[in-house]
1. Tell me, what is the per residue accessible area of the chain in Å², probe radius 1.4 Å?
2. Using helices alone, what [θ] at 222 nm do you get for the chain, with -39,500 (n - 2.57) per DSSP H run of 4 or more residues, divided over all residues and rounded to the nearest 500?
3. Magnitude of the Cβ-charge dipole of segment 115-158, K/R +1 and D/E -1, about the Cα centre, nearest 20 debye?
4. Treating only the Cβ of Lys, Arg, Asp and Glu as charged (+1, +1, -1, -1), what charge dipole size does the chain show about its Cα centre? Round to the nearest 20 debye.
5. Out of all DSSP beta bridges in the chain, what portion is antiparallel? Express it as a percent rounded to 5.
6. Label point 7 Å out from residue 155 along Cα-to-Cβ: which residues of segment 99-120 have amide N under 13 Å?
7. 5 Å is the cut-off here: which amide hydrogens, built 1.01 Å from N in the peptide plane, fall below it relative to residue 139, excluding neighbours closer than 5 in sequence?
8. Please build a GNM for the chain, connecting alpha carbons under 10 Å apart, and tell me which residue among 71, 314, 204 fluctuates the most.
Amino acid sequence: MLTTEPNPIYRPNPQRYADMSYPRCGRSGLRLPSLSLGLWQNFGGVDSLSNARAMIQRAFDLGITHFDLANNYGPPYGSSETTFGEVFRQDLAPYRDELIISNKAGYDMWPGPYGIGGSRKYLVASCDQSLKRTGLEYFDIFYSHCMDPETPLEETMGALDYIVRSGRALYAGISNYSPEKTREAIAILKSLGTPLMIHQPRYNMLDRWIEDGLTDVLKQEGVGAIVFSPLSQGMLTDKYLNGVPEGSRAARSEQIYFSESDISAQQLEQVKALNDVAQARGQSLAQMALAWTLNNEAVTSAIIGASRPEQIENSVAALDNPDFSTEELARIEAILKPSA
């Protein structure tokens, strides 16, 4: 005879909002948690559903209200949305109005000419498919995942405007756009009456391209930034201090965005030096890297990834020591930009 409930009802932590901070996203009325959970990796069809459920539950218990998806997250494509939809149905549906759920389309998703890019045809069809896979009635944010040079920007932004006006999403966003194209997108959406609310670029200690003009545009225009890969796919953790361990993301053959060949000797030396700074601050390298990313005044939130609930706990602990002294920042800068 069973003595435990096989599918216990999830009851979130009643103190979940006590320690998380919620900065305003640009000049919008929306507040995002300083850390958001991305479902790019470890939530796909090749991964454990029970582990994914445990991670999503733990994130919400810690005050993470924003869950970031894309149509091609997995693997296979679409399976992270299916996983999230199952967890949402089991655990989070009663708390829908406490959640920010975002989705994106732009990269390759299905065969043929209509399964990639920035056309109205692709973006609207993809949004509809994603809503079905997740079981949601709407997304809080829908992004153009990448700039499509073969589609007029007016068409792509017009599709985002339509997605918002039709009730499929509440806010419009873009991801991976250059400073120049971001400014153009802002102007087009403003003219349509659906302001650009958020930009999602890659940003971390080892990849600082947004400091070359993008952050200036976002601050001037009042657009929020939520950055992905703040730990550089795990490089800015203690995982790779002594090489590539078995089972790590870089060692997994099915990972197409990060592999052992992406890790250079120079980066390893930088990571080891940064780890010394983190230890002196009483933080792990990952916690310091997250705090450093959020130290950029243009950044509203950082999207973390995880392979187990404990990693989410460790990431949230970064918010216990978010400030840097002038000396610490100078030392970090010297490591990241060594003199010639």
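The values are calculated or read from the model by the stated rules, or taken from the named source; none is laboratory data. Keep in mind the model is a prediction, meaning the values are calculated, not measured. Using ideal geometry, Cβ is built from the backbone for each residue, glycine included, and neighbour counts are taken over all protein chains shown. SASA here: full protein model, heavy atoms, side chains in, ligands and nucleic acids out. Shrake-Rupley method; radii C 1.70, N 1.55, O 1.52, S 1.80 Å.
1. Details: 15180 Å² over 340 residues.
Value for the chain: 45 Å² per residue.
2. Numbers: 10 runs with 118 residues, N = 340.
When only DSSP H runs of four or more count, the value is -10500 deg cm²/dmol.
3. Working: 4 positive and 7 negative charges, 42 e Å.
Charge dipole, segment 115-158, about its Cα centre: 200 debye, nearest 20.
4. On the way: 30 positive and 41 negative charges, 124 e Å.
The calculated dipole for the chain is roughly 600 debye.
5. On the way: 2 of 29 bridges.
Once the DSSP bridges in the chain are tallied, antiparallel ones form about 5 percent.
6. Only 113-120 pass the distance filter.
7. Here 169, 170 satisfy the definition.
8. 314
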